[in-house]
Each structure stands twice: as structure tokens, then as C-alpha cells.
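Visitor: Before we start, here is the structure in question, set down as C-alpha cells.
The values are calculated or read from the model by the stated rules, or taken from the named source; none is laboratory data. What you see is a predicted model, and the numbers here were worked out from it, not measured in a lab. Backbone-built Cβ (ideal geometry, glycine too); neighbour counts: all protein chains shown. When the accessible area is computed, the model is the full protein with side chains, heavy atoms only, and any ligands, DNA or RNA have been set aside. Shrake-Rupley method; radii C 1.70, N 1.55, O 1.52, S 1.80 Å.
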Amino acid sequence: MKKAIPYIAGVLLLLLLAALLLGDKKQQFDHRITLNKKDKIPYGSFVAYNNLQHIFPKANITTNKREPGYWDYGTLDPDSTGQVLVIVTRNFNAFSSELRELHRFVSNGNDVLVSAYNFSYEAAEFFHFQVHTTDIGIPVYDFSPAVDTLKLTLSDPPFSRGNNEFQYPGRRYNSDFQRFDSTMSYVLGRTGGNRANCLKIQAGEGNFLLHGAPLAFSNYFLLHQDNMAYYNQLMSALNPEATAVVWDEYYLYKTTSYRDPNPSPFRVLLEQPSFKMALYTALAGTLLFILLGLKRNQRVFRQVGVPANDSMDFVKTIGRLYYQKNDNANIARKMAGFFIEHVHNRYFLHADSLDETYTEQLSRKSGAEKQLIQSIVDYLVMTREGNQFTNEQTAAFYGLLEQFYTTT
């Protein structure tokens, strides 16, 4: 009977899983805000993305998943003109270095549209405005009408006269710009409360278009009544002769810390309620099976001693040998070589040129202080130039490397 318990439990779990997957077939409104170009749910951006070719008939439509400054030149070329970058996201959490790259891109004769609910402090300082949000950003449902109904208007001029007021009964989720610099910002649109929520800022030969209502690019908004006219007019503020239009996904998945901008497929699957429940059910069944199997008798395993770290002993022996020969320059070169290989494998930085750019990138990616990195780089330069090292210099170099390894 005891042997049959795991099989009985497995059958029960399968029945429970089938009931969860097949029990409720009622269609419910999907309140998730993804803004993903592949999502056809109300708050996805499938319609907006697939209409880019209609707005820019001469352009090649592509997608970017890399941060500014590290773009694939087959997608975006910061030194070329006639390009449009469209960024639709919840949070435009750009760092200062990324904003400088975007500014260089725009100054060379390109356009960038940023539609977001939140803007980072660096972005607000860079564009000289303050952001005011109209709701707190948490998910809402049919019983929360206080944050429903988004109303937007387009300015006349530059847009054509006529009905320039648009709305839909869905999620508001928008922000507006306060205390912006009117000498550099031109208002293209406002909210229902007559607050500016769309600014055009010229930079060099190109323009930034800053927009505070990302759900205006959602399927629900665009397919409601005649709201597609809002999309068409707003996008007409960008270069209509663009030869390359890029839909950005880097900021759609970026967090406040540096990480791989490519979204995890497993995370996307967990956003599906049915898959999440099936996964939890499988994990619960596995845990139950393990608990039931703990009663089985297991043979006693022979205790094995901890393996000796012979490689570390070898390194110490070689180090003492060089030290006894007073070959400090060789010791320094070996420490420098190990450090450069460690940085390359962990932070993907090449040490071809030990300049200011290398120092700044290593400090940013490792989190170490720039002064510490600069001191280490100075010693690396000394090893490459073949300088001799005193005992004090060798010990100081070793101490700096140990401080870097223990703090990063």
C-alpha cells in the first residue's frame, strides 16, 4: 500500500491540474500592461508596431535590445542620419551615459520618441522638466474607475485643425510635464486636464519627442473609435523620410541596475496564469514525492575528506620563489595578467588601451571606486612599460588588487 501512495498522489495532482486548466473558460479582461510588440492583449503594442510600416513606407523596421552606445550598427548607426528610434515603456530609467549617447544620436540628424509613465531623475535633469503622475501605477480592475478613462489632445498648430481630442475607457496610466524649459521645449499635446504631456525638443539636426502616456500606443487605445488618428498625427512629428525605424525593447525590460536587456523567456511564461499554476502544481507534486521517499532506507555513505587545494599551494610556492629571487617585476606582470583576464571574463572589457574609457567602464560595471581603479591601471601601465618594481611597490600593487577582489 505504501508503494502505491506516490502514484495515487500523482493521479490526484494531474486531476487537479486538469481542473485548473479546463475548469474556467470564461473570458476575462487582461489588465496586464506589457507594451510588448508581440502582445495582442489590450495593453500590448501589437497594433502600434505593425503600423510603423504604414507611417514610414520608405523605412526598414527593426528592433533594438541593446543600450545606447552598444547598438548593433546593422540596426542603429549613431553617425548616420535619417533614423527614428521609438521607445515605448513603463519606465524610461536612462542613465546619464545613455542620455549622452541618445543626444549624440539625435544631434546627427535623427529622431527619438520616448513614451513612458516614469522618467528617471537623470532624464528629468537632462531635459529640464519635472514629471507628475496621475495614478500610482499598480494594477487596477473593473471596480477601480478612479484611474480609468485616458483623455489626450493634440496642439493646433502644428497638427491640422479638427477633432484633436481623443479618449478611451481604459487605464489612464499617464504622466505630464511640469516646470519644463519653454525656451527649448515645444508643447505638442496635453492631457484632459490641459497639462502638457508631449514635448518636442530640438537637439542639433534632430529632435526628441517626449510623451507621458505610453498606453496611447496600446491596442485598446488605438482600436477604440477613431483613436488611430492620434497615433498617425503624433508619429507625423517624426521624420517622414526616415530610412530606418527601430522599435526599442532595451528600456522595456531594463531595471535600475545593469543586466542583460534581453527578457528571460521563463519570466514571460510565468506571466501566463495557467502556466504559473501548472508549474506550482508540478513543484508541489515533486516536493510531495520527495517527502514520501524520505522513509526509504539508504545505505551509509563513507565520509570523504575535503580535497586539498594543490593549485593554491602551487601558486604560493611559485610566488615565494619569485620573491626569494627578488624578481618583483615578474611578480607584478603575473598579477597584472591575472587581473586583466579576470576583468575580461567577468566584465567583458578588453585591456587593449588602458585609458580613461577603460577606467570609467570598469568602475561602472564593477561598482568599485574610480580612484581605486585608476591606481590599479597606473600599475598595469608600469608593467607594460617594463618598469622595475620595488618591494614596497609590489606590496602596494598586491594590496590594491586584493581590495578590488574583495569588494566586487
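Visitor: Starting from residues that are of a type in the set (Asp, Glu) and modelled with pLDDT under 85, keep the ones in segment 115-170 and report whichever is least open to solvent (accessible area, probe 1.4 Å).
Guide: Asp135
Visitor: Would you say Asn326 is surrounded by fewer than 16 Cβ atoms within 10 Å (Cβ to Cβ) and at pLDDT below 85?
Guide: It is true that Asn326 is surrounded by fewer than 16 Cβ atoms within 10 Å (Cβ to Cβ) and at pLDDT below 85.
Visitor: State which residue pairs qualify: first residue closer than 18 Å to Leu150 by Cα and touching a residue at least 24 places away in the same chain (Cβ under 8 Å) and inside segment 173-195, second residue of a type in the set (Gly, Ala, Ser) and assigned to a strand (DSSP E or B) in any location, beta carbons under 7 Å apart, and separation of 6 or more residues or different chains.
Guide: What qualifies is Asp176/Ala196; Phe177/Ala196; Arg190/Ala196.
Visitor: Might you check whether a residue that is assigned to a loop (DSSP other than H, G, I, E, B), basic (Lys, Arg) and under 21 Å from Met235 (Cα atoms) occurs anywhere in segment 53-72?
Guide: yes
Visitor: Taking the residues in segment 355-386 that are outside any helix (DSSP H, G or I) and either surrounded by 16 or more Cβ atoms within 10 Å (Cβ to Cβ) or among the charged types (D, E, K, R) (or both) as candidates, determine which candidate is nearest to the chain's Cα centre (by Cα).
Guide: Ala368
Visitor: So, in segment 387-398, exactly how many residues are loosely packed, with under 13 Cβ neighbours inside 10 Å and either under 20 Å from Glu341 (Cβ atoms) or among the hydroxyl-bearing types (Ser, Thr, Tyr) (or both)?
Guide: Going through segment 387-398 one residue at a time, the tally reaches 1.
Visitor: Quick one: count up the residues across segment 238-289 that are crowded, with 18+ Cβ neighbours inside 10 Å, touching an Asp or Glu at 6+ places or on another chain (Cβ under 8 Å) and at pLDDT below 90.
Guide: 2
Visitor: Which residues, taken from segment 64-97, are without any contact (Cβ under 8 Å) to a residue 60 or more places away in the chain and of a type in the set (A, V, I, L, M, F, W, C)?
Guide: Once the filter is applied, which keeps residues that are without any contact (Cβ under 8 Å) to a residue 60 or more places away in the chain and of a type in the set (A, V, I, L, M, F, W, C), segment 64-97 yields Trp71, Phe95.
Visitor: Suppose we filter segment 50-76 for residues that are open to solvent by less than 80 Å² (accessible area, probe 1.4 Å) and in contact with a helix residue (DSSP H, G or I) (Cβ under 9 Å, 6 or more places away or on another chain); how many remain?
Guide: Total satisfying the criteria: 13.
Visitor: Looking only at segment 186-202, which residues are of a type outside the set (Lys, Arg) and open to solvent by 10 Å² or more (accessible area, probe 1.4 Å)?
Guide: Listed by number, the residues that qualify are Tyr186, Val187, Thr191, Gly192, Gly193, Asn194, Gln202.
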